[in-house]
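Visitor: Next up is a structure, given as structure tokens.
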Amino acid sequence: MPGSGKLILTGQLGDVMKESAMAALSYVRANTHRWGIARDFLDKSDLHIHVPSGAMPKDGPSAGVTLLTAIVSLLTGIRVRHDVAMTGEITLRGRVLAIGGLKEKVLAAHRAGIKRVIAPERNRSDLEEVAEEVKREIDFVFVSHMSQVIAASLEEQPIAHRSPTLDGGIASAPLAN
């Protein structure tokens, strides 16, 4: 929305989730070239993230990948796949960190009819706890970096653009590291 570069966070967000939203926005701002997003997208805009009060209160570190994906989707105009669920926390450099409760999250996704689950690579072994029947019905994508999350979650891939390097040259920005 029109504004002056603020991040507004409202609703059922605990402190950890607020930090996840701030980290997600910082990563997007530092990597606009990866997705063809204008560097100055926040100069005259505010970004408002709201988790409705009817939602489950959330304070654990596992929403960073989802928040970042939503921001990239918004700014590129590319929709997130309707059949995907994701979990994972992010670092300021885009690494995806392990989470807790993967079995419960996979079972909830399965009950909701989700066909693809994106989860941290470091949680791959947690899948041993999930019934074979459930595993056969879901496409699991294990990731270690946000570039993999974006590639697996959006309906189409954003087009990276060439951006100036610090030394004045031109660098091409690949989607994957």
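Okay, residues lined up against (1) open to solvent by 40 Å² or more (accessible area, probe 1.4 Å); (2) over 22 Å from Tyr27 (Cα atoms); (3) within 15 Å of the chain's Cα centre (by Cα):
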| position | (1), (2), (3) |
| --- | --- |
| Gly88 | no, no, yes |
| Val96 | no, no, yes |
| Gly101 | no, yes, no |
| Val106 | no, yes, no |
| His110 | yes, yes, no |
| Lys115 | yes, yes, no |
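Visitor: Hey, another quick one. Inspect the range 15-29 for any residue being farther than 27 Å from Phe142 by Cβ and in contact (Cβ under 8 Å) with a residue 12 or more places away in the chain and give the result as yes or no.
Guide: Scanning the range 15-29 turns up at least one residue that is farther than 27 Å from Phe142 by Cβ and in contact (Cβ under 8 Å) with a residue 12 or more places away in the chain.
Visitor: When you scan the range 34-57, do you find a residue that is in a helix (DSSP H, G or I) and closer than 30 Å to Glu137 by Cα, even just one?
Guide: Checking the range 34-57: not a single residue is in a helix (DSSP H, G or I) and closer than 30 Å to Glu137 by Cα.
Visitor: Let me ask something else. Scan the range 19-56 residue by residue and report those that are among the hydroxyl-bearing types (Ser, Thr, Tyr) and within 22 Å of Met146 (Cβ to Cβ).
Guide: Scanning the range 19-56 gives Ser20, Ser26, Tyr27, Thr32, Ser45.
Visitor: Looking only at residues in the range 117-144 that are closer than 19 Å to Ser20 by Cα and touching an Asp or Glu at 6+ places or on another chain (Cβ under 9 Å), which one is most open to solvent (accessible area, probe 1.4 Å)?
Guide: Ser144
Visitor: Go through the residues of the range 6-18 one by one and say whether even a single one is modelled with pLDDT of 90 or more, more than 24 Å from Ile150 (Cβ to Cβ) and open to solvent by 50 Å² or more (accessible area, probe 1.4 Å).
Guide: yes
Visitor: How do the helices (runs of 4 or more DSSP H) wholly within the range 83-162 filter down when requiring 1 or more residues that are among the acidic types (Asp, Glu): which remain?
Guide: Fully inside the range 83-162 and qualifying: 102-111, 132-137.
Visitor: Another question about this same structure. Would you please name the residue that is farthest from the chain's Cα centre (by Cα), looking only at residues in the range 117-151 that are of a type in the set (Gly, Ala, Ser) and farther than 20 Å from Ala70 by Cα?
Guide: Going through the qualifying residues, I end up with Ala131.
Visitor: Which condition from (1) over 23 Å from Lys18 (Cβ atoms); (2) open to solvent by 50 Å² or more (accessible area, probe 1.4 Å); (3) of a type in the set (Ser, Thr, Tyr) is the one that Thr66 breaks?
Guide: (1)
The values are calculated or read from the model by the stated rules, or taken from the named source; none is laboratory data. This one's a predicted model, so the numbers in the text were calculated from it and none came from an experiment. Here Cβ is always computed from backbone atoms with ideal geometry, including for glycine, and neighbour counts include all displayed protein chains. Surface accessibility is based on the protein's heavy atoms, side chains included, excluding ligands, DNA and RNA. Shrake-Rupley method; radii C 1.70, N 1.55, O 1.52, S 1.80 Å.
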